[in-house]
Amino acid sequence: MTTAPSKPSAPGVGAAPQLPPFDHKPAPYTGPSKEEVLAMRREFLTPALITYYKDPVMIVEGKMQYLFDEKGRRYLDMFAGIVTVSVGHCHPKVLEAVRRQNELLQHTTTIYLHPNIAQFGKKLVSTFPKGSGLDKGVCYFTNSGGEANDLAIMMARCKTGAFDVIALRNAYHGMSSFTMGLSAIQSWKQPIPHGFGIHHARLPDRYRGQWGYDDADAGRKYAEDVLDLLRSATPGQVAAFIAEPIQGVGGTIELPPGYLAEVYRIIRAAGGLCISDEVQTGFGRMGDAFWGFESIGGAGVVPDIVTMAKGIGNGAPLGCCVAKPEVAAAMAKRLHFNTYGGNPVSMAQGMATLDVILEEKIQERAREIGAYLQEGLRDLQKRHGIVGDVRGRGLMLGVEIVEDRTSKAPATAKCAAVFERCKDLGVLVGKGGPNGNVLRIKPPMCITRADCEFLCRVLDIAIGEQR
Ligand SMILES: Cc1ncc(COP(=O)(O)O)c(C=O)c1O
């Protein structure tokens, strides 16, 4: 795809690009005004909550890849409620499954039998590579990704008898006391004690780090730091290593080829377990594989525990920690329980979402549409000097905005201006990275080529204004 404005399908000079046609009329909105909602939020909700945009957007309806504000204005959703709506807002099959379950039974907990949790567990483990051991894994359903990561660390500590954990700098694994310690981005760290026994290894960032994209051995070289950390900061025995195959909140940083294979080898030699945080990378988003560890790690790289959330439920508050059975068994010596994990309604939503992912070949779609979109973003990179890097896989993409390509100085203000302008022109994207200068593009995976062309035209205008 080229995004050059001279292409036949491009709008006339000065004309705002038009969203692709979409046959859906939002319901008339009759609730409180945006200003009233904002005032109530300020008065009654914690000030820790943030909103995107100088003039926050109020979203009251969603249909597939589009969102509607209270005035009925349509936006292309290129951020999917933070990488969560996997198959489309209010997908009809998901809606129907949830409606049916809501009418029958909403809650009992796992102290009684219910088919949904068992059936979903069976279906979920069938998505792991045959013979990997995870295809015989067991599920602990949670209410969030952070809770799944908490469990994974607890399991690893129970199983190994070791305490130390190695995570990566620039990681985001959640906001509980355990997971805030795993996370390693300053803006997400409250000034309280957290992270006992957690050590952060060097970030294998091929755009800004010592070894770049042109170094075929970069993965192995960055992995050496894990060995160094193990020797200097731990008693030589560790409980676990945890990483996102592509860091999400951290700004779409993709682990280099060979990195996971080498780190897993080092960690296992120290008695530790390997955890893949697939909260953003799972469920086909990578395009070339269902799970991020398969896509980024390559053949033979298999974690002992996989954590997931977000895309698993197309918006349901649902997560899961899948572990090899011998790992999960370590926690069975004591009781462990959560009230809502495995709730029949969230299980129905998760199961219907997975059915749609498989039936509608969402992974293939992420590969095909993602490649098309990446081509368009690379075209923008060729034509705009402030686009420093375009990276990611499938439909998990990042565009890093810099002052210039030589200094690579993070252009935080320019990125913020592009982000605002995109919204004004009808596209909602995400923003992240430690300097807030990476546009995060991770849409519902039902987007079309026409949506990608629209996004690229909008970005072309928004980035072009930042000279
Ligand atoms: C990679 C990753 N892990 C864990 C989490 C935490 O998930 P939750 O917000 O559901 O607790 C997130 C949230 O953004 C995430 O991106």
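The values are calculated or read from the model by the stated rules, or taken from the named source; none is laboratory data. Worth saying up front: this structure is predicted, and the values here are computed from it rather than measured. All Cβ positions, even for glycine, are placed from backbone atoms using ideal geometry, and neighbour counts span all protein chains on display. When the accessible area is computed, the model is the full protein with side chains, heavy atoms only, and any ligands, DNA or RNA have been set aside. Shrake-Rupley method; radii C 1.70, N 1.55, O 1.52, S 1.80 Å.
Condition check ((1) open to solvent by 30 Å² or more (accessible area, probe 1.4 Å); (2) of a type in the set (Val, Ile, Thr); (3) at pLDDT 95 or above) across all residues:
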{"residue": "Met1", "(1), (2), (3)": "no, no, no"}
{"residue": "Pro5", "(1), (2), (3)": "yes, no, no"}
{"residue": "Val13", "(1), (2), (3)": "yes, yes, no"}
{"residue": "Ala27", "(1), (2), (3)": "yes, no, yes"}
{"residue": "Ser33", "(1), (2), (3)": "yes, no, yes"}
{"residue": "Arg41", "(1), (2), (3)": "yes, no, yes"}
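Got at least one residue in segment 206-220 being open to solvent by 20 Å² or more (accessible area, probe 1.4 Å) and in a helix (DSSP H, G or I)?
yes
Of the residues Tyr29, Tyr66, Tyr75, which single one is touching a residue at least 12 places away in the same chain (Cβ under 8 Å) and within 20 Å of the chain's Cα centre (by Cα)?
Testing whether each residue is touching a residue at least 12 places away in the same chain (Cβ under 8 Å) and within 20 Å of the chain's Cα centre (by Cα) leaves just Tyr66.
On the basis of being open to solvent by less than 20 Å² (accessible area, probe 1.4 Å), modelled with pLDDT of 95 or more, touching a strand residue (DSSP E or B) at 6+ places or on another chain (Cβ under 7 Å) and over 17 Å from Cys321 (Cα atoms), does Leu124 make the cut?
Here the answer is no, as Leu124 does not meet what is asked.
Of the residues in segment 254-281, how many are within 16 Å of the ligand (Cβ to nearest atom) and under 16 Å from Ser132 (Cα atoms)?
The total comes to 4.
Please give the helices (runs of 4 or more DSSP H) falling wholly within segment 103-192 in which 2 or more residues are touching a residue at least 40 places away in the same chain (Cβ under 8 Å).
115-125, 145-160
Could you list, in sequence order, all residues of segment 195-205 that are open to solvent by less than 40 Å² (accessible area, probe 1.4 Å) and part of a loop (DSSP other than H, G, I, E, B)?
Gly195, Gly197, Leu203, Pro204, Asp205
Which of (1) open to solvent by 20 Å² or more (accessible area, probe 1.4 Å); (2) within 12 Å of the ligand (Cβ to nearest atom); (3) in contact with a Gly (Cβ under 6 Å, 6 or more places away or on another chain) does Lys310 not meet, given it meets every other one?
So Lys310 meets the others, but not (3).
If the requirement is being farther than 30 Å from Gly271 by Cα and within 16 Å of the ligand (Cβ to nearest atom), which of these qualifies: Asn338, Asn343?
Asn343
Can you tell me which residues in segment 403-422 are buried (at least 21 other Cβ atoms within 10 Å of the Cβ) and farther than 15 Å from Gly385 by Cα?
Across segment 403-422, the qualifying residues are Phe419, Cys422.
Every residue, every condition in (1) under 22 Å from the mean Cα position of the chain (by Cα); (2) within 14 Å of Val279 (Cβ to Cβ); (3) at pLDDT 95 or above, yes or no:
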| residue | (1), (2), (3) |
| --- | --- |
| Ser144 | yes, yes, yes |
| Glu147 | yes, yes, yes |
| Arg157 | no, no, yes |
| Gly161 | no, no, yes |
| Leu168 | yes, no, yes |
| Ile185 | yes, no, yes |
| Pro193 | no, no, no |
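Considering only segment 156-174, state which residues are aliphatic (A, V, I, L, M), out of contact with any helix residue (DSSP H, G or I) (no Cβ under 6 Å at 6 or more places or on another chain) and within 13 Å of the ligand (Cβ to nearest atom).
Leu168, Ala171
Among the residues of segment 351-371, is there at least one that is closer than 22 Å to Leu151 by Cβ and within 15 Å of the ligand (Cβ to nearest atom)?
No: segment 351-371 contains no residue that is closer than 22 Å to Leu151 by Cβ and within 15 Å of the ligand (Cβ to nearest atom).
Look through Met286, Met331 and report the one residue that is within 14 Å of the ligand (Cβ to nearest atom), open to solvent by less than 40 Å² (accessible area, probe 1.4 Å), more than 17 Å from Phe241 (Cα to Cα) and in contact (Cβ under 8 Å) with a residue 40 or more places away in the chain.
Met286
How about segment 339-358: which of its residues are more than 14 Å from Gln119 (Cα to Cα), open to solvent by 20 Å² or more (accessible area, probe 1.4 Å) and either touching a strand residue (DSSP E or B) at 6+ places or on another chain (Cβ under 8 Å) or touching a residue at least 24 places away in the same chain (Cβ under 8 Å) (or both)?
Within segment 339-358, Thr339, Tyr340 meet the criteria.
Checking Gln237 against (1) part of a loop (DSSP other than H, G, I, E, B); (2) among the polar types (S, T, N, Q); (3) within 16 Å of the ligand (Cβ to nearest atom), which test does it fail?
(3)
Which residues, taken from segment 221-261, are surrounded by 23 or more Cβ atoms within 10 Å (Cβ to Cβ) and not hydrophobic (A, V, I, L, M, F, W, C)?
Once the filter is applied, which keeps residues that are surrounded by 23 or more Cβ atoms within 10 Å (Cβ to Cβ) and not hydrophobic (A, V, I, L, M, F, W, C), segment 221-261 yields Tyr222, Glu244, Pro245, Gln247, Gly248, Gly250, Gly251, Thr252, Glu254, Pro256, Tyr259.
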